[in-house]
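*Asks:* Got a structure for you, written out below as structure tokens; questions coming shortly.
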Amino acid sequence: MAKSSASRSEDVKTPLAIASFAQNLFEAREDKWGNKSYQVTLLFKKGTDLSALENAAMEAATAQWGEKAKNLIKEKIIKSPFLDGDGKQGKDGDGNPKPGFAGHTFIRCKSGADYKPKVFDKRRNPIMDKDGCPSGSQVYAVVNAFTWENEEQGKGMTFGVSLVQVVKAAEGDEVLGGGGGPSADKFFETIEDDGDAGSKPKDAGGLFS
């Protein structure tokens, strides 16, 4: 009989990842059941060695479901925390690819509302707001695998996240989901202060009509 409480692995450091939905590291998100948690999705290029994360997941699964856990994972009775960015998990509700997910394996990480993850820059200085870690940033994270089981979703595993270190903050086109906006350097020139602010714009050729 499965344990009623979740089992948790030891903490492990991830390989270099791309952070998606990184704003939820700083602002707790509420799910449909009313539970709040801090979250981030970590994207790993396919081919990255994820053995440390796989071992953590197996550690938690075995602690929860015993030696049968391996077969339950193979038979997909236990839902894997490793998701395919080229599969349906990498698409939004309309079936469109999520920005940056193609060609990656990803994990969804969360931490309870009372356990806000600590985020640091590469010099280990604290980052206090989402501007310091926009989606698309390159990061390392300290995570742990934990199990869950409920009537609606069955059995599965998820990763908790406690620490994140930003190696390179995303800028411009690197920001996932368009959060960075277009580059002013790319589109604008310096304008001398002698133009007519009320001048008629150039014809857009009926583009918006």
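*Asks:* Does F44 count as assigned to a strand (DSSP E or B) and more than 21 Å from E149 (Cβ to Cβ)?
*Replies:* yes
*Asks:* Related question: Go through the range 7-45 residue by residue and tally those that are among the small types (G, A, S) and surrounded by fewer than 16 Cβ atoms within 10 Å (Cβ to Cβ).
*Replies:* 1
*Asks:* Note down all Cβ pairs under 8 Å where the first residue falls in the range 128-140 and is on the phi > 0 side of the Ramachandran plot and touching a residue at least 60 places away in the same chain (Cβ under 8 Å), the second is assigned to a loop (DSSP other than H, G, I, E, B) and not polar (S, T, N, Q), and they're at least six residues apart or on different chains.
*Replies:* Taking only residues 6 or more apart or on different chains, the pairs are G136/G100; G136/A170; G136/V175; G136/G179; G136/G180.
*Asks:* With the requirement that a residue be assigned to a helix (DSSP H, G or I), touching a residue at least 12 places away in the same chain (Cβ under 8 Å) and out of contact with any Ser or Thr (no Cβ under 9 Å at 6 or more places or on another chain), what does the range 47-78 give you?
*Replies:* Result: E54, L72.
*Asks:* Residue under question is P97, and the condition is that it be without any contact (Cβ under 8 Å) to a residue 40 or more places away in the chain and touching a Lys or Arg at 6+ places or on another chain (Cβ under 8 Å); does it hold?
*Replies:* Spelling it out, P97 is indeed without any contact (Cβ under 8 Å) to a residue 40 or more places away in the chain and touching a Lys or Arg at 6+ places or on another chain (Cβ under 8 Å).
*Asks:* Related question: Quick one: would you say A61 is more than 18 Å from the chain's Cα centre (by Cα) and either surrounded by 14 or more Cβ atoms within 10 Å (Cβ to Cβ) or at pLDDT 95 or above (or both)?
*Replies:* Spelling it out, A61 is indeed more than 18 Å from the chain's Cα centre (by Cα) and either surrounded by 14 or more Cβ atoms within 10 Å (Cβ to Cβ) or at pLDDT 95 or above (or both).
*Asks:* Could you grab me the full set of residues in the range 124-147 that are β-branched (V, I, T) and either under 18 Å from A57 (Cβ atoms) or outside any strand (DSSP E or B) (or both)?
*Replies:* I127, V142, V143, T147
*Asks:* On the given criteria, is T48 at pLDDT 95 or above, among the β-branched types (V, I, T) and either closer than 29 Å to K98 by Cα or buried (at least 18 other Cβ atoms within 10 Å of the Cβ) (or both)?
*Replies:* So T48 passes the test.
The values are calculated or read from the model by the stated rules, or taken from the named source; none is laboratory data. Quantities reported herein were computed from a predicted structural model and do not represent experimental measurements. Please note: Cβ atoms are built from the backbone with ideal geometry, for glycine as well, and neighbour counts cover all protein chains shown.
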